[in-house]
Amino acid sequence: MLTDKLPVITIDGPAGSGKSSVGKAISRLLGFSYCDTGAEYRAVGVICNQRGVDLEDPLACAEIAAEFAAGFSINKPGGILYEGIDLSELIRTSEAGMGASLVGRHQPVREILVAHQRTFALEGCCVIEGRDAGTVICPEAIVKIFITARPEVRAARRRETPAEAIARRDRIDQSRTASPLMIAPDAIEIDSSDLGIDEIANHVHSLYKERMYPR
Ligand code: DC
(Lines give C-alpha, C1' and ligand atoms only; values in the text may rest on other atoms or scores of the structure.)
Protein backbone atom coordinates (compact mmCIF):
# COMPACT_ATOMS: atom_id res chain seq x y z
CA MET A 1 0.00 0.00 0.00
CA LEU A 2 1.49 3.34 -1.06
CA THR A 3 -0.99 5.70 0.51
CA ASP A 4 -1.90 7.03 3.95
CA LYS A 5 -5.60 6.94 3.12
CA LEU A 6 -7.76 4.20 4.59
CA PRO A 7 -8.78 1.21 2.46
CA VAL A 8 -12.42 2.24 2.70
CA ILE A 9 -15.00 3.11 0.06
CA THR A 10 -17.74 5.53 1.08
CA ILE A 11 -20.97 5.88 -0.84
CA ASP A 12 -23.30 8.77 -0.10
CA GLY A 13 -26.40 10.01 -1.84
CA PRO A 14 -30.13 10.57 -1.49
CA ALA A 15 -32.87 7.92 -1.28
CA GLY A 16 -33.33 5.90 -4.46
CA SER A 17 -29.99 6.97 -5.93
CA GLY A 18 -28.87 3.33 -6.09
CA LYS A 19 -26.27 3.54 -3.35
CA SER A 20 -27.33 0.35 -1.55
CA SER A 21 -27.30 -1.82 -4.68
CA VAL A 22 -23.98 -0.36 -5.77
CA GLY A 23 -22.50 -0.59 -2.26
CA LYS A 24 -23.44 -4.25 -1.90
CA ALA A 25 -22.09 -5.05 -5.38
CA ILE A 26 -18.76 -3.38 -4.59
CA SER A 27 -18.45 -5.14 -1.24
CA ARG A 28 -19.03 -8.50 -2.98
CA LEU A 29 -16.53 -7.66 -5.71
CA LEU A 30 -13.77 -6.75 -3.27
CA GLY A 31 -14.74 -9.15 -0.46
CA PHE A 32 -15.19 -6.08 1.79
CA SER A 33 -17.50 -5.84 4.77
CA TYR A 34 -20.45 -3.51 4.37
CA CYS A 35 -22.07 -0.97 6.66
CA ASP A 36 -25.52 0.37 5.78
CA THR A 37 -25.68 3.35 8.14
CA GLY A 38 -29.24 4.18 7.05
CA ALA A 39 -30.37 0.82 8.48
CA GLU A 40 -29.11 1.97 11.89
CA TYR A 41 -31.02 5.28 11.79
CA ARG A 42 -34.08 3.36 10.59
CA ALA A 43 -33.80 0.90 13.49
CA VAL A 44 -33.46 3.69 16.06
CA GLY A 45 -36.59 5.37 14.62
CA VAL A 46 -38.53 2.08 14.71
CA ILE A 47 -37.51 1.35 18.32
CA CYS A 48 -38.42 4.93 19.37
CA ASN A 49 -41.87 4.43 17.84
CA GLN A 50 -42.30 1.02 19.49
CA ARG A 51 -41.49 2.56 22.88
CA GLY A 52 -43.57 5.71 22.40
CA VAL A 53 -40.53 8.01 22.33
CA ASP A 54 -41.16 11.39 20.68
CA LEU A 55 -39.05 11.61 17.50
CA GLU A 56 -38.77 15.37 18.12
CA ASP A 57 -36.97 14.82 21.44
CA PRO A 58 -33.19 14.67 20.81
CA LEU A 59 -32.17 13.35 24.22
CA ALA A 60 -34.89 10.70 24.48
CA CYS A 61 -33.98 9.49 20.96
CA ALA A 62 -30.29 9.51 21.92
CA GLU A 63 -31.04 7.26 24.92
CA ILE A 64 -32.61 4.74 22.55
CA ALA A 65 -29.68 5.13 20.13
CA ALA A 66 -27.22 4.40 22.96
CA GLU A 67 -29.09 1.25 24.02
CA PHE A 68 -29.34 0.18 20.39
CA ALA A 69 -25.65 0.83 19.63
CA ALA A 70 -24.65 -1.28 22.63
CA GLY A 71 -26.74 -4.27 21.64
CA PHE A 72 -27.47 -4.60 17.91
CA SER A 73 -25.88 -6.91 15.40
CA ILE A 74 -25.93 -7.19 11.62
CA ASN A 75 -27.35 -10.49 10.39
CA LYS A 76 -27.01 -9.76 6.64
CA PRO A 77 -26.04 -6.74 4.48
CA GLY A 78 -28.52 -4.01 5.41
CA GLY A 79 -30.15 -6.24 8.05
CA ILE A 80 -30.44 -5.57 11.78
CA LEU A 81 -30.94 -7.90 14.73
CA TYR A 82 -31.78 -6.32 18.09
CA GLU A 83 -32.80 -7.99 21.36
CA GLY A 84 -33.18 -11.29 19.49
CA ILE A 85 -35.64 -9.78 17.00
CA ASP A 86 -34.91 -9.46 13.29
CA LEU A 87 -35.83 -5.86 12.38
CA SER A 88 -34.65 -6.22 8.77
CA GLU A 89 -38.15 -6.11 7.22
CA LEU A 90 -39.63 -3.61 9.66
CA ILE A 91 -36.97 -1.00 8.91
CA ARG A 92 -37.64 -1.04 5.15
CA THR A 93 -41.08 0.62 5.15
CA SER A 94 -41.43 4.22 3.97
CA GLU A 95 -42.57 5.18 7.51
CA ALA A 96 -39.30 3.78 8.84
CA GLY A 97 -37.46 5.88 6.23
CA MET A 98 -39.19 9.02 7.46
CA GLY A 99 -38.59 8.07 11.11
CA ALA A 100 -34.88 7.61 10.30
CA SER A 101 -34.74 11.02 8.68
CA LEU A 102 -36.36 12.59 11.76
CA VAL A 103 -34.05 10.95 14.33
CA GLY A 104 -31.08 11.65 12.02
CA ARG A 105 -31.57 15.40 12.62
CA HIS A 106 -30.46 15.07 16.25
CA GLN A 107 -26.76 15.62 16.90
CA PRO A 108 -26.73 13.47 20.10
CA VAL A 109 -28.17 10.55 18.09
CA ARG A 110 -25.61 11.06 15.32
CA GLU A 111 -22.70 11.15 17.76
CA ILE A 112 -23.65 7.74 19.13
CA LEU A 113 -24.18 6.05 15.76
CA VAL A 114 -21.18 7.73 14.12
CA ALA A 115 -18.88 6.53 16.94
CA HIS A 116 -19.84 2.94 16.15
CA GLN A 117 -19.63 3.51 12.36
CA ARG A 118 -16.19 5.11 12.69
CA THR A 119 -14.91 2.10 14.64
CA PHE A 120 -16.14 -0.06 11.78
CA ALA A 121 -14.38 2.22 9.23
CA LEU A 122 -11.08 2.07 11.09
CA GLU A 123 -11.01 -1.72 10.69
CA GLY A 124 -10.61 -1.02 6.95
CA CYS A 125 -11.53 -3.09 3.91
CA CYS A 126 -15.14 -1.98 4.06
CA VAL A 127 -17.82 -0.13 2.14
CA ILE A 128 -19.79 2.43 4.16
CA GLU A 129 -23.02 3.74 2.77
CA GLY A 130 -25.12 6.66 3.98
CA ARG A 131 -25.40 10.44 3.93
CA ASP A 132 -22.25 11.45 5.83
CA ALA A 133 -19.92 8.51 5.17
CA GLY A 134 -17.32 10.50 3.19
CA THR A 135 -17.72 13.78 5.09
CA VAL A 136 -17.97 12.71 8.75
CA ILE A 137 -17.65 8.96 9.32
CA CYS A 138 -14.52 8.39 7.25
CA PRO A 139 -13.02 11.53 5.67
CA GLU A 140 -9.80 9.51 5.09
CA ALA A 141 -11.49 6.99 2.77
CA ILE A 142 -9.42 6.36 -0.35
CA VAL A 143 -12.47 6.38 -2.62
CA LYS A 144 -15.57 8.48 -2.01
CA ILE A 145 -18.57 8.21 -4.26
CA PHE A 146 -21.60 10.46 -4.32
CA ILE A 147 -24.43 8.81 -6.23
CA THR A 148 -27.34 10.71 -7.71
CA ALA A 149 -30.12 9.86 -10.14
CA ARG A 150 -32.81 11.83 -11.93
CA PRO A 151 -35.91 12.42 -9.72
CA GLU A 152 -38.19 10.23 -11.88
CA VAL A 153 -35.68 7.37 -11.75
CA ARG A 154 -35.41 7.64 -7.97
CA ALA A 155 -39.21 7.69 -7.60
CA ALA A 156 -39.53 4.60 -9.83
CA ARG A 157 -36.95 2.74 -7.71
CA ARG A 158 -38.89 3.57 -4.54
CA ARG A 159 -42.32 2.61 -5.85
CA GLU A 160 -43.64 1.95 -2.35
CA THR A 161 -42.79 5.52 -1.28
CA PRO A 162 -44.84 8.46 -2.61
CA ALA A 163 -42.71 11.00 -4.51
CA GLU A 164 -43.69 13.72 -1.98
CA ALA A 165 -42.35 11.58 0.86
CA ILE A 166 -39.00 11.20 -0.93
CA ALA A 167 -38.88 14.96 -1.57
CA ARG A 168 -39.70 15.69 2.08
CA ARG A 169 -36.96 13.33 3.25
CA ASP A 170 -34.49 14.99 0.85
CA ARG A 171 -35.36 18.40 2.29
CA ILE A 172 -34.87 17.20 5.88
CA ASP A 173 -31.59 15.40 5.09
CA GLN A 174 -30.14 18.33 3.14
CA SER A 175 -31.22 21.18 5.40
CA ARG A 176 -30.55 19.81 8.90
CA THR A 177 -27.72 21.48 10.80
CA ALA A 178 -26.19 18.19 12.01
CA SER A 179 -24.12 16.60 9.20
CA PRO A 180 -26.46 17.40 6.31
CA LEU A 181 -26.29 15.35 3.11
CA MET A 182 -23.56 16.99 1.03
CA ILE A 183 -20.92 15.97 -1.43
CA ALA A 184 -17.40 15.72 0.02
CA PRO A 185 -14.92 17.97 -1.85
CA ASP A 186 -12.91 14.92 -2.94
CA ALA A 187 -15.88 12.71 -3.85
CA ILE A 188 -16.60 11.48 -7.35
CA GLU A 189 -20.14 12.15 -8.45
CA ILE A 190 -21.88 9.39 -10.41
CA ASP A 191 -25.33 9.72 -11.97
CA SER A 192 -26.72 6.18 -11.85
CA SER A 193 -29.85 6.92 -13.92
CA ASP A 194 -28.65 5.23 -17.10
CA LEU A 195 -25.93 2.96 -15.75
CA GLY A 196 -26.03 -0.66 -14.61
CA ILE A 197 -25.07 -1.59 -11.04
CA ASP A 198 -22.21 -3.83 -12.21
CA GLU A 199 -20.92 -1.11 -14.52
CA ILE A 200 -20.67 1.34 -11.61
CA ALA A 201 -19.25 -1.31 -9.26
CA ASN A 202 -16.54 -2.24 -11.78
CA HIS A 203 -15.66 1.42 -12.27
CA VAL A 204 -15.33 1.98 -8.52
CA HIS A 205 -13.29 -1.21 -8.20
CA SER A 206 -10.82 0.08 -10.84
CA LEU A 207 -10.59 3.44 -9.11
CA TYR A 208 -9.88 1.71 -5.82
CA LYS A 209 -7.06 -0.39 -7.32
CA GLU A 210 -5.51 2.63 -9.07
CA ARG A 211 -5.47 4.65 -5.88
CA MET A 212 -4.34 1.89 -3.54
CA TYR A 213 -1.60 0.62 -5.82
CA PRO A 214 -0.50 3.51 -8.08
CA ARG A 215 2.10 2.53 -10.68
O1 DC B 1 -30.21 5.40 3.28
P2 DC B 1 -31.61 5.26 3.87
O3 DC B 1 -32.70 5.66 2.91
O4 DC B 1 -31.86 3.92 4.44
O5 DC B 1 -31.65 6.32 5.09
C6 DC B 1 -32.84 6.57 5.82
C7 DC B 1 -32.72 7.92 6.50
O8 DC B 1 -31.76 7.84 7.56
C9 DC B 1 -32.26 9.09 5.64
O10 DC B 1 -33.35 9.72 5.00
C11 DC B 1 -31.58 9.99 6.62
C12 DC B 1 -31.06 9.07 7.70
N13 DC B 1 -29.62 8.82 7.56
C14 DC B 1 -28.76 9.74 8.10
O15 DC B 1 -29.21 10.75 8.65
N16 DC B 1 -27.42 9.52 8.05
C17 DC B 1 -26.92 8.43 7.47
N18 DC B 1 -25.60 8.24 7.45
C19 DC B 1 -27.78 7.48 6.89
C20 DC B 1 -29.15 7.71 6.93
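In the distance distribution for the stretch 148-215, Cα-Cα pairs more than 18 Å apart total 57 percent. Straight Cα distances below 17 angstrom link residue 5 to the lysines 144, 209, with same-chain residues fewer than 8 positions distant left out. Which lysines have a Cα lying under 21 Å from the Cα of residue 76, excluding residues fewer than 8 positions away in the same chain? Result set, ordered by chain and number: 19, 24. Between 0 and 90 degrees, rounded to the nearest ten: what's the tilt of helix 107-122 against the longest Cα principal axis of the chain? With rounding to tens, the tilt is 30 degrees. Within the stretch 25-61, the trypsin sites (Lys or Arg not before Pro) that combine a DSSP coil assignment with at most 16 other C-beta atoms in a 10 angstrom radius are 51.
Pair-distance distribution of the stretch 1-59: all C-alpha pairs, bin width 5 Å, starting at 0; shares per bin in whole percent are 4, 14, 19, 16, 14, 13, 10, 6, 2, 1, 0.
This model, with +1 at the C-beta of Lys and Arg and -1 at the C-beta of Asp and Glu, gives the stretch 129-215 a dipole about its Cα centre of some 200 debye. On the principal axes of its alpha carbon atoms, the stretch 99-215 extends 47, 36, 22 Å, with the longest extent given first. The largest accessible area among 118, 150 belongs to the first residue in 150, 118, and the rest follow in falling order (1.4 Å probe, all chains).
How large is log10 I(q)/I(0) at q = 0.23, 0.24, 0.29 Å⁻¹ when the Debye formula is applied to the Cα atoms of the stretch 101-160, each weighted equally and without solvent? Each listed q maps to, in turn, -0.97, -0.99, -1.15.
One quarter of the surface of the convex hull around the alpha-carbon atoms of the chain equals 11.3 nm², the direction-averaged projected area. On a 0 to 90° scale, report how tilted helix 19-30 is relative to the longest principal axis of the chain, with both axes built from alpha carbons and the result rounded to the nearest 10. With both axes taken from Cα atoms, the answer is about 50 degrees. In the stretch 50-166, Rg over Rh equals 0.96, where Rg is the alpha-carbon radius of gyration and Rh the Kirkwood radius from pairwise Cα distances. Dividing the mean sequence gap of close Cα pairs (under 8 Å, 6+ apart) by how many residues the chain holds gives a relative contact order of 36 percent. Between the C-alpha center of the stretch 75-103 and that of the stretch 157-171 there is a gap of 17 Å.
Counting protein heavy atoms only, the stretch 23-175 has 54 percent of its accessible area on carbon and sulfur, 1.4 angstrom probe.
The values are calculated or read from the model by the stated rules, or taken from the named source; none is laboratory data. Please read these numbers as outputs of a predicted model, since none were measured by experiment. We place every Cβ from the backbone using ideal geometry, glycine too, and count neighbours over all the protein chains shown. Accessible surface is based on the protein model in full, side chains and every heavy atom, while ligands, DNA and RNA are left aside. Shrake-Rupley method; radii C 1.70, N 1.55, O 1.52, S 1.80 Å.
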